[in-house]
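First comes the structure, then the notes that go with it.
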Amino acid sequence: MARQWPLPRGTFTITSRFAGRINPVTGRPESHSGTDFAVPDGTPFYACAGGTVQYIGAATGYGQWLVIDHPTSEGGGCTEYGHMWDAYATGLKTGDWVNAGQLIGYVGSNGQSTGPHLHLTVWEYGHGGRRIDPETWLAGAGYPGEAAPAPAPSDGPLFGVDVSEHQDGMSLRQAKAEGMAYAIIRTTDGTYRDRTYRSHLDDAESAGMLTAAYHYLRNPSEGTTVAQQVDASLAVMGDARRPVWIDVESPAGLHVDHIRECKRLYEAAGVRVIGVYSYVPYWEGRVAPSEPDSHEFGAFWVADYGRDLRGTPRALYPGNGHARWDYPLGNQKPVIWQYGSNAEVAGRLVDINAFRGSRAQLEALFTGRTLGEDWLAMASEEDVRRIIREEVWPVTHDTKRLCVQMGMDADDDGFANVPGWVQGGHRSFYDLLATAVSILEAIANKIGLSVKTRTFDTLVDPPSNPRNPKLKG
């Protein structure tokens with residue numbers, strides 16, 4: 001995934017850059033090793049790129065620090081974050097993997113510091129090597145909460161449904177035929193396990209719909225811990241884990257820490273959290289202690305039904321220019337709008353959603369991959385080497401050996417030296433076949449049969465650019 005700044009756009013002030021400065025604590029000139037971002041105490045910050053936690057905890061000068069090593073597949077290098085009050089606040093530990101844009105800490109003023117700020121150092125190749133300017137390294141990078149490309153009104157909208165066992169028996173294949181591009185499927189309500197997750201998922205994906213999951217988060221005061229809820233959701237998904245939305249609308253209200261814990265537990269299990277779902281009065285008034293900045297959780301999927309009329313998805317849609325698209329919740333605008341609950345789809349009345357963008361943009365939102373990325377672009381060097389070693393090389397090796405054994409020309413000196421078939425005096429299979437045919441021809445002629453055999457290659461020439469139909473592209 002592409003690099004990201006550690007804090008949302010417009011929320012910070014750079015107070016010290018990567019250059020010479022007067023240390024605000026000691027008053028002495030120094031070469032500043034990174035960039036300082038001033039923000040209020042407790043502000044969440046995010047990983048600049050995917051990688052592995054290399055160091056975490058107490059550190060001289062910082063008080064507390066966090067160091068993440070980024071493999072080549074994530075852009076390489078190493079990032080170092082300092083001055084947190086508690087580097088373990090998000091549950092991370094040495095060896096954990098984090099994704100680009102994942103919540104990794106909260107800003108503090110620990111150690112050698114005159115006020116709340118995040119210090120970011122970037123090492124070009126690995127910790128302890130050469131430091132480089134973080135602002136140069138992040139040039140052109142996105143910001144947390146802006147992973148989804150800005151939707152263009154001329155694209156879409158793409159309509160989609162969210163379903164649960166309340167829609168058991170609904171044909172998502174028919175929904176696709178009626179223009180639905182995606183399905184968001186419930187796994188759980190608290191610890192209640194939806195019995196139709198897998199059947200809905202299989203139906204949707206076999207029809208070619210994009211899919212994601214959602215979990216209805218309950219307040220622990222309602223009887224189950226957040227950890228129990230996430231465990232139940234993971235059990236429902238089983239080996240069919242999909243990126244998940246956190247549904248924030250429990251009638252008991254929620255604390256922002258409940259949402260944080262839910263997101264952290266999913267990510268610890270390797271499940272991407274796309275963002276949160278809620279409606280305006282709830283997010284603004286029912287999440288304690290006050291309306292939280294939603295960038296921390298990813299994207300925002302808003303529910304606002306208006307008059308909630310009945311009709312087809314397109315007839316009900318208020319339009320790409322409607323004011324709801326421009327109303328921010330937690331300082332960001334929604335990327336998906338659930339604009340009704342009485343849409344006529346596949347013979348049912350269902351919740352209906354709109355996304356202003358293309359299918360590729362929606363897939364990028366769900367998966368977290370940048371537009372245009374494919375498996376090869378995201379694979380590490382070791383991934384590529386393994387595929388060649390375990391899958392490609394054996395096939396090409398055996399094919400070349402067979403060609404030589406059959407008597408065909410080898411394009412490689414090493415393969416040209418294959419000794420042939422032991423049972424035939426180290427001659428190729430084709431040579432042996434030609435010899436056998438010659439003997440049979442001689443015998444036939446001896447007994448008065450007129451036989452003329454063809455022992456040359458009669459295969460038609462292959463096309464100039466043969467393609468394996470199993471290979472993508």
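Points worth noting:
- Candidate set: region 245-286, residues that are among the small types (G, A, S) and farther than 22 Å from T90 by Cβ; chosen: the one surrounded by the most Cβ atoms within 10 Å (Cβ to Cβ): S250
- Matching residues in region 292-309 - criterion: being within 22 Å of G101 (Cα to Cα) and in contact with a strand residue (DSSP E or B) (Cβ under 8 Å, 6 or more places away or on another chain): D293, S294, H295, E296, F297, G298, A299, F300, W301, V302
- Flag if R242 is under 26 Å from G340 (Cα atoms), surrounded by fewer than 19 Cβ atoms within 10 Å (Cβ to Cβ) and of a type outside the set (V, I, T): no
- Looking across region 33-65, just one residue is acidic (D, E) and closer than 19 Å to A89 by Cα, and that is D41.
- The strands (runs of 3 or more DSSP E) falling completely within region 31-140 that include 3 or more residues that are buried (at least 22 other Cβ atoms within 10 Å of the Cβ) map to 35-38, 44-46, 63-69, 78-82, 103-106, 117-123.
- For region 359-373, the criterion of being touching a Pro at 6+ places or on another chain (Cβ under 8 Å), of a type outside the set (A, V, I, L, M) and more than 23 Å from R272 (Cα to Cα) is met by none of the residues.
- Inspection of region 157-171 identifies at least one residue that is aromatic (F, W, Y), at pLDDT 90 or above and out of contact with any Leu (no Cβ under 9 Å at 6 or more places or on another chain).
- Residue identified as crowded, with 16+ Cβ neighbours inside 10 Å and modelled with pLDDT of 95 or more among D202, D194: D194
The values are calculated or read from the model by the stated rules, or taken from the named source; none is laboratory data. All values derive from a computational prediction rather than experimental measurement. Ideal geometry is used to build each Cβ from the backbone, glycine not excepted, and the neighbour counts take in all protein chains shown.
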